[in-house]
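Presented below is the structure to which this report refers.
The values are calculated or read from the model by the stated rules, or taken from the named source; none is laboratory data. Given the structure is predicted, the values throughout are model-derived calculations rather than measurements. No Cβ is skipped: glycine too gets one built from the backbone with ideal geometry, and neighbour counts run over all protein chains shown. These accessible areas exclude ligands, DNA and RNA; they are computed on the full protein's heavy atoms, side chains included. Shrake-Rupley method; radii C 1.70, N 1.55, O 1.52, S 1.80 Å.
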Amino acid sequence: MNPLAFSILRLLSDNEFHAGPAIAEALGVSRASVSNALRDANEAGLTIHKIKGRGYRLLDQVQWLERNVILEYLGDQADRFNLEILDTIDSTNSLLLYEADNRLSLGKGFIHVIAAELQTKGRGRRGRQWHSGLGGSLAFSVLWRFQQSASFLSGLSLAIGVAIVRALESSGIQGAVLKWPNDVMFNFCKLAGILIELHGDMLGPTIAVIGTGINLKLSDSVQARIDQGATDIFAISGECPDRNKLLAELLLNIAQVLREFEQSGFAPFKEEWVDHHVCEGKAVSLKLPDGSGQEGMVHGVSDSGSLLLQTSSGLRSFSGGEISLRRMA
(Lines give C-alpha, C1' and ligand atoms only; values in the text may rest on other atoms or scores of the structure.)
Protein backbone atom coordinates (compact mmCIF):
# COMPACT_ATOMS: atom_id res chain seq x y z
CA MET A 1 0.00 0.00 0.00
CA ASN A 2 1.27 3.46 -0.90
CA PRO A 3 1.28 6.62 1.27
CA LEU A 4 -1.89 7.90 -0.41
CA ALA A 5 -3.78 4.77 0.69
CA PHE A 6 -2.81 5.42 4.31
CA SER A 7 -3.92 9.05 4.05
CA ILE A 8 -7.30 7.95 2.71
CA LEU A 9 -7.71 5.25 5.35
CA ARG A 10 -7.05 7.78 8.08
CA LEU A 11 -9.85 9.94 6.66
CA LEU A 12 -12.14 6.89 6.71
CA SER A 13 -11.30 6.00 10.30
CA ASP A 14 -14.34 7.88 11.63
CA ASN A 15 -16.57 5.03 10.34
CA GLU A 16 -18.59 7.50 8.24
CA PHE A 17 -19.14 7.55 4.47
CA HIS A 18 -16.86 9.88 2.51
CA ALA A 19 -17.58 10.77 -1.09
CA GLY A 20 -14.82 10.08 -3.60
CA PRO A 21 -14.68 13.69 -4.87
CA ALA A 22 -14.45 15.02 -1.31
CA ILE A 23 -11.56 12.67 -0.51
CA ALA A 24 -9.80 13.63 -3.74
CA GLU A 25 -10.21 17.36 -3.02
CA ALA A 26 -9.03 17.02 0.58
CA LEU A 27 -5.86 15.22 -0.48
CA GLY A 28 -5.23 17.09 -3.73
CA VAL A 29 -5.43 14.04 -6.00
CA SER A 30 -7.73 12.73 -8.71
CA ARG A 31 -10.78 10.54 -8.07
CA ALA A 32 -9.08 7.76 -10.05
CA SER A 33 -6.10 7.97 -7.71
CA VAL A 34 -8.42 7.47 -4.72
CA SER A 35 -9.99 4.39 -6.29
CA ASN A 36 -6.63 2.91 -7.27
CA ALA A 37 -5.11 3.55 -3.85
CA LEU A 38 -7.85 1.57 -2.11
CA ARG A 39 -7.65 -1.39 -4.47
CA ASP A 40 -5.30 -3.36 -2.23
CA ALA A 41 -7.15 -2.70 1.04
CA ASN A 42 -8.51 -6.24 1.18
CA GLU A 43 -4.98 -7.66 0.99
CA ALA A 44 -4.20 -5.63 4.11
CA GLY A 45 -7.12 -7.24 5.92
CA LEU A 46 -9.55 -4.32 5.55
CA THR A 47 -13.08 -4.19 4.16
CA ILE A 48 -14.23 -0.97 2.51
CA HIS A 49 -17.88 -0.41 1.63
CA LYS A 50 -18.45 1.55 -1.55
CA ILE A 51 -21.99 2.76 -2.20
CA LYS A 52 -22.87 4.86 -5.21
CA GLY A 53 -23.95 8.32 -4.15
CA ARG A 54 -22.51 7.97 -0.65
CA GLY A 55 -18.87 7.07 -1.18
CA TYR A 56 -16.48 4.95 0.86
CA ARG A 57 -16.71 3.69 4.43
CA LEU A 58 -14.27 1.56 6.39
CA LEU A 59 -16.18 -1.36 7.91
CA ASP A 60 -13.90 -1.81 10.92
CA GLN A 61 -12.24 1.21 12.42
CA VAL A 62 -8.45 1.19 12.62
CA GLN A 63 -6.86 2.38 15.83
CA TRP A 64 -3.64 3.94 14.58
CA LEU A 65 -0.38 3.78 16.46
CA GLU A 66 0.49 7.21 17.80
CA ARG A 67 4.02 7.83 19.00
CA ASN A 68 3.11 10.53 21.53
CA VAL A 69 0.36 8.38 23.02
CA ILE A 70 2.71 5.40 23.37
CA LEU A 71 5.35 7.56 25.02
CA GLU A 72 2.72 8.82 27.45
CA TYR A 73 1.83 5.24 28.38
CA LEU A 74 5.53 4.52 28.89
CA GLY A 75 5.47 7.07 31.70
CA ASP A 76 8.76 7.84 33.40
CA GLN A 77 10.47 5.24 31.20
CA ALA A 78 9.64 7.10 27.97
CA ASP A 79 12.99 8.86 27.74
CA ARG A 80 14.73 5.47 27.59
CA PHE A 81 13.10 4.61 24.25
CA ASN A 82 13.93 5.79 20.75
CA LEU A 83 10.59 4.92 19.12
CA GLU A 84 9.85 5.05 15.39
CA ILE A 85 6.38 4.36 13.95
CA LEU A 86 6.08 3.53 10.24
CA ASP A 87 3.02 3.08 8.05
CA THR A 88 4.41 0.11 6.16
CA ILE A 89 7.66 -1.81 5.92
CA ASP A 90 8.69 -5.21 4.62
CA SER A 91 10.22 -6.24 7.95
CA THR A 92 10.86 -4.25 11.12
CA ASN A 93 13.68 -6.67 11.97
CA SER A 94 15.39 -6.13 8.62
CA LEU A 95 15.24 -2.35 8.92
CA LEU A 96 16.56 -2.32 12.48
CA LEU A 97 19.39 -4.70 11.53
CA TYR A 98 20.25 -2.43 8.60
CA GLU A 99 20.34 0.63 10.83
CA ALA A 100 22.48 -1.21 13.36
CA ASP A 101 24.95 -2.36 10.69
CA ASN A 102 25.18 1.15 9.26
CA ARG A 103 25.19 2.85 12.69
CA LEU A 104 22.20 4.99 11.80
CA SER A 105 20.07 6.68 14.49
CA LEU A 106 21.49 4.43 17.19
CA GLY A 107 22.73 6.69 19.92
CA LYS A 108 23.94 5.03 23.10
CA GLY A 109 21.69 4.75 26.11
CA PHE A 110 18.44 4.27 24.20
CA ILE A 111 16.26 1.25 23.56
CA HIS A 112 15.62 1.42 19.84
CA VAL A 113 12.18 0.34 18.66
CA ILE A 114 10.57 0.24 15.21
CA ALA A 115 6.86 -0.54 14.96
CA ALA A 116 4.83 -0.72 11.75
CA GLU A 117 1.14 -0.38 11.04
CA LEU A 118 1.55 -2.93 8.25
CA GLN A 119 4.42 -5.39 7.84
CA THR A 120 4.40 -6.99 4.39
CA LYS A 121 7.23 -9.52 4.71
CA GLY A 122 7.41 -10.32 8.40
CA ARG A 123 9.57 -13.35 9.10
CA GLY A 124 9.19 -16.25 11.49
CA ARG A 125 11.20 -19.34 12.31
CA ARG A 126 12.30 -21.81 9.62
CA GLY A 127 11.82 -19.20 6.89
CA ARG A 128 8.07 -18.91 7.42
CA GLN A 129 6.31 -15.64 6.69
CA TRP A 130 4.47 -13.89 9.51
CA HIS A 131 1.10 -12.75 8.14
CA SER A 132 -0.66 -9.73 9.58
CA GLY A 133 -3.18 -7.11 8.59
CA LEU A 134 -3.46 -3.38 9.01
CA GLY A 135 -4.73 -2.54 12.49
CA GLY A 136 -5.25 -6.20 13.38
CA SER A 137 -1.87 -6.86 14.92
CA LEU A 138 1.21 -5.44 16.54
CA ALA A 139 4.49 -5.86 14.66
CA PHE A 140 7.61 -4.33 16.17
CA SER A 141 11.32 -4.89 16.77
CA VAL A 142 13.55 -3.91 19.68
CA LEU A 143 17.32 -3.51 19.53
CA TRP A 144 19.45 -4.25 22.57
CA ARG A 145 23.24 -4.13 22.83
CA PHE A 146 24.75 -6.87 24.98
CA GLN A 147 28.38 -6.72 26.07
CA GLN A 148 28.50 -10.52 26.09
CA SER A 149 28.99 -12.90 23.17
CA ALA A 150 26.16 -14.58 21.30
CA SER A 151 26.65 -17.80 23.28
CA PHE A 152 25.53 -15.97 26.44
CA LEU A 153 22.20 -15.15 24.75
CA SER A 154 21.01 -18.75 24.60
CA GLY A 155 17.53 -18.75 26.08
CA LEU A 156 16.82 -15.12 25.18
CA SER A 157 13.77 -16.00 23.07
CA LEU A 158 12.32 -17.93 26.04
CA ALA A 159 12.83 -14.94 28.33
CA ILE A 160 11.10 -12.66 25.82
CA GLY A 161 8.18 -15.10 25.84
CA VAL A 162 7.93 -14.58 29.60
CA ALA A 163 7.89 -10.80 29.04
CA ILE A 164 5.04 -11.11 26.53
CA VAL A 165 2.93 -13.29 28.84
CA ARG A 166 3.51 -10.83 31.70
CA ALA A 167 2.40 -7.93 29.50
CA LEU A 168 -0.72 -9.76 28.36
CA GLU A 169 -1.68 -10.73 31.91
CA SER A 170 -1.15 -7.20 33.22
CA SER A 171 -3.41 -6.02 30.36
CA GLY A 172 -6.18 -8.36 31.49
CA ILE A 173 -5.59 -11.05 28.85
CA GLN A 174 -5.38 -14.35 30.72
CA GLY A 175 -4.61 -17.88 29.58
CA ALA A 176 -1.66 -17.37 27.22
CA VAL A 177 0.91 -20.16 27.37
CA LEU A 178 4.40 -20.74 25.94
CA LYS A 179 5.66 -23.36 23.52
CA TRP A 180 9.36 -24.07 23.28
CA PRO A 181 11.29 -22.25 22.07
CA ASN A 182 9.56 -19.01 21.05
CA ASP A 183 5.80 -19.24 20.55
CA VAL A 184 3.03 -17.67 22.61
CA MET A 185 -0.18 -19.68 22.31
CA PHE A 186 -3.77 -20.01 23.45
CA ASN A 187 -5.64 -23.31 23.17
CA PHE A 188 -2.77 -24.71 21.07
CA CYS A 189 -3.19 -21.92 18.51
CA LYS A 190 -0.49 -19.36 17.88
CA LEU A 191 -1.13 -15.93 19.38
CA ALA A 192 2.32 -14.34 19.09
CA GLY A 193 5.73 -15.14 17.69
CA ILE A 194 9.29 -14.06 18.40
CA LEU A 195 12.24 -13.85 16.00
CA ILE A 196 15.66 -12.90 17.40
CA GLU A 197 18.58 -12.09 15.11
CA LEU A 198 22.10 -11.51 16.40
CA HIS A 199 25.05 -9.54 15.06
CA GLY A 200 28.40 -9.21 16.79
CA ASP A 201 31.91 -10.47 17.43
CA MET A 202 32.73 -13.93 18.73
CA LEU A 203 33.67 -12.58 22.15
CA GLY A 204 31.15 -9.75 22.17
CA PRO A 205 29.61 -7.28 22.19
CA THR A 206 26.45 -8.56 20.47
CA ILE A 207 23.51 -6.71 18.99
CA ALA A 208 20.18 -8.50 19.40
CA VAL A 209 17.21 -7.47 17.27
CA ILE A 210 14.05 -8.90 18.80
CA GLY A 211 11.08 -9.06 16.48
CA THR A 212 7.60 -9.62 17.90
CA GLY A 213 4.28 -10.16 16.19
CA ILE A 214 0.99 -10.37 18.12
CA ASN A 215 -2.41 -11.12 16.62
CA LEU A 216 -5.07 -8.69 17.86
CA LYS A 217 -7.93 -9.36 15.41
CA LEU A 218 -7.24 -11.41 12.30
CA SER A 219 -9.39 -10.70 9.27
CA ASP A 220 -10.71 -13.57 7.17
CA SER A 221 -8.32 -12.71 4.33
CA VAL A 222 -5.28 -12.76 6.62
CA GLN A 223 -6.42 -15.91 8.43
CA ALA A 224 -6.71 -17.68 5.08
CA ARG A 225 -3.00 -17.09 4.38
CA ILE A 226 -1.85 -18.66 7.66
CA ASP A 227 -0.91 -22.34 7.31
CA GLN A 228 -1.14 -23.27 11.00
CA GLY A 229 -3.56 -22.87 13.88
CA ALA A 230 -3.73 -19.19 14.82
CA THR A 231 -5.82 -17.12 17.19
CA ASP A 232 -6.05 -13.51 18.31
CA ILE A 233 -6.82 -11.44 21.37
CA PHE A 234 -10.31 -10.61 20.10
CA ALA A 235 -11.18 -14.32 19.97
CA ILE A 236 -9.88 -14.75 23.53
CA SER A 237 -11.39 -11.71 25.24
CA GLY A 238 -14.19 -10.60 22.91
CA GLU A 239 -12.67 -7.16 22.42
CA CYS A 240 -9.66 -5.52 20.82
CA PRO A 241 -7.12 -3.99 23.16
CA ASP A 242 -5.89 -0.43 22.92
CA ARG A 243 -2.98 -0.93 20.51
CA ASN A 244 -0.97 1.99 21.86
CA LYS A 245 -1.39 0.96 25.48
CA LEU A 246 -0.60 -2.71 24.80
CA LEU A 247 2.52 -1.83 22.81
CA ALA A 248 3.74 0.34 25.69
CA GLU A 249 3.07 -2.48 28.17
CA LEU A 250 4.97 -4.93 25.98
CA LEU A 251 7.94 -2.56 25.64
CA LEU A 252 8.11 -1.99 29.39
CA ASN A 253 8.09 -5.71 30.14
CA ILE A 254 10.57 -6.57 27.39
CA ALA A 255 12.97 -3.87 28.58
CA GLN A 256 12.73 -5.12 32.16
CA VAL A 257 13.46 -8.69 31.07
CA LEU A 258 16.38 -7.58 28.89
CA ARG A 259 17.98 -5.71 31.77
CA GLU A 260 17.73 -8.74 34.04
CA PHE A 261 18.85 -11.12 31.29
CA GLU A 262 21.90 -8.96 30.66
CA GLN A 263 22.96 -9.44 34.28
CA SER A 264 22.03 -13.09 34.88
CA GLY A 265 21.09 -14.82 31.64
CA PHE A 266 18.05 -17.06 31.35
CA ALA A 267 18.28 -18.80 34.75
CA PRO A 268 16.09 -16.29 36.69
CA PHE A 269 13.23 -16.86 34.21
CA LYS A 270 13.42 -20.64 34.03
CA GLU A 271 10.83 -21.50 36.67
CA GLU A 272 8.31 -18.95 35.39
CA TRP A 273 8.81 -20.16 31.83
CA VAL A 274 8.28 -23.81 32.80
CA ASP A 275 5.10 -22.85 34.69
CA HIS A 276 3.68 -21.51 31.42
CA HIS A 277 4.96 -24.25 29.10
CA VAL A 278 2.01 -25.91 27.40
CA CYS A 279 3.89 -29.20 26.94
CA GLU A 280 5.54 -29.48 30.35
CA GLY A 281 5.24 -33.05 31.63
CA LYS A 282 3.64 -34.14 28.35
CA ALA A 283 4.74 -36.75 25.82
CA VAL A 284 6.03 -34.99 22.71
CA SER A 285 7.75 -35.66 19.42
CA LEU A 286 10.67 -33.50 18.34
CA LYS A 287 11.58 -33.00 14.72
CA LEU A 288 15.31 -32.33 14.55
CA PRO A 289 17.16 -30.24 11.93
CA ASP A 290 18.66 -33.33 10.29
CA GLY A 291 15.18 -34.72 9.63
CA SER A 292 15.27 -37.31 12.39
CA GLY A 293 12.82 -37.42 15.26
CA GLN A 294 12.90 -37.92 19.00
CA GLU A 295 10.08 -38.85 21.35
CA GLY A 296 9.99 -38.39 25.08
CA MET A 297 8.52 -36.59 28.06
CA VAL A 298 9.21 -32.87 28.54
CA HIS A 299 11.16 -32.38 31.76
CA GLY A 300 11.71 -28.63 31.95
CA VAL A 301 14.50 -26.58 30.40
CA SER A 302 18.11 -25.97 31.34
CA ASP A 303 19.58 -22.70 32.63
CA SER A 304 20.54 -21.94 29.03
CA GLY A 305 17.02 -22.57 27.68
CA SER A 306 17.65 -26.00 26.16
CA LEU A 307 14.69 -28.35 26.19
CA LEU A 308 15.09 -31.33 28.54
CA LEU A 309 13.47 -34.50 27.29
CA GLN A 310 13.19 -37.75 29.22
CA THR A 311 13.73 -40.41 26.54
CA SER A 312 14.10 -44.17 26.50
CA SER A 313 17.86 -43.64 26.69
CA GLY A 314 17.71 -41.13 29.55
CA LEU A 315 17.45 -37.37 30.00
CA ARG A 316 18.62 -35.50 26.92
CA SER A 317 19.05 -31.81 26.12
CA PHE A 318 18.03 -30.18 22.84
CA SER A 319 18.72 -26.66 21.62
CA GLY A 320 18.60 -24.69 18.41
CA GLY A 321 16.01 -22.72 16.51
CA GLU A 322 15.36 -25.45 13.94
CA ILE A 323 13.75 -27.89 16.34
CA SER A 324 9.96 -28.01 16.21
CA LEU A 325 7.87 -29.33 19.06
CA ARG A 326 4.62 -31.21 18.57
CA ARG A 327 2.51 -32.61 21.37
CA MET A 328 1.71 -36.29 20.85
CA ALA A 329 -1.90 -37.47 21.09
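Details
- Under 17 Å of direct C-alpha separation, and excluding same-chain neighbours fewer than eight residues apart, LYS287 reaches these lysines: LYS179.
- Per-pair calculated FRET efficiency, R0 = 22 Å: ASP101 and SER319 via Cβ, rounded to 0.05: 0.25
- In terms of accessible area, using a 1.4 Å probe and ignoring ligands and nucleic acids, ASP232, ASP201 rank largest first as ASP201, ASP232.
- In straight-distance terms, cross-link reach from LYS121 covers every one of the aspartates and glutamates whose alpha-carbon lies under 16 Å from its own, apart from those fewer than eight places away in the same chain; here that gives ASP40, GLU43, ASP87, ASP90, GLU197, ASP227.
- Protein accessible area in segment 1-106, 1.4 Å probe - carbon and sulfur %: 45
- Extension reserve of the ARG259-GLU72 stretch, reckoned as 0.36 nm per residue once the Cα distance is removed: 65.2 nm
- Rounded to the nearest 10 square angstrom, LYS179 shows an accessible area of 50 square angstrom against a 1.4 Å probe.
- Result for the chain in a Gaussian network model with C-alpha springs under 10 Å: among ILE89, ILE51, ILE164, the largest mean-square fluctuation is at ILE51.
- Relative to the current alpha-carbon distance between HIS299 and MET202, full extension at 0.36 nm per residue lengthens the span by 31.8 nm.
- Extension gain, SER35 to PHE188, is 51.0 nm, computed as 0.36 nm per intervening residue step minus the present C-alpha separation.
- Inter-part distance where segment 170-218 and segment 221-244 are each reduced to a Cα centre, Å: 16
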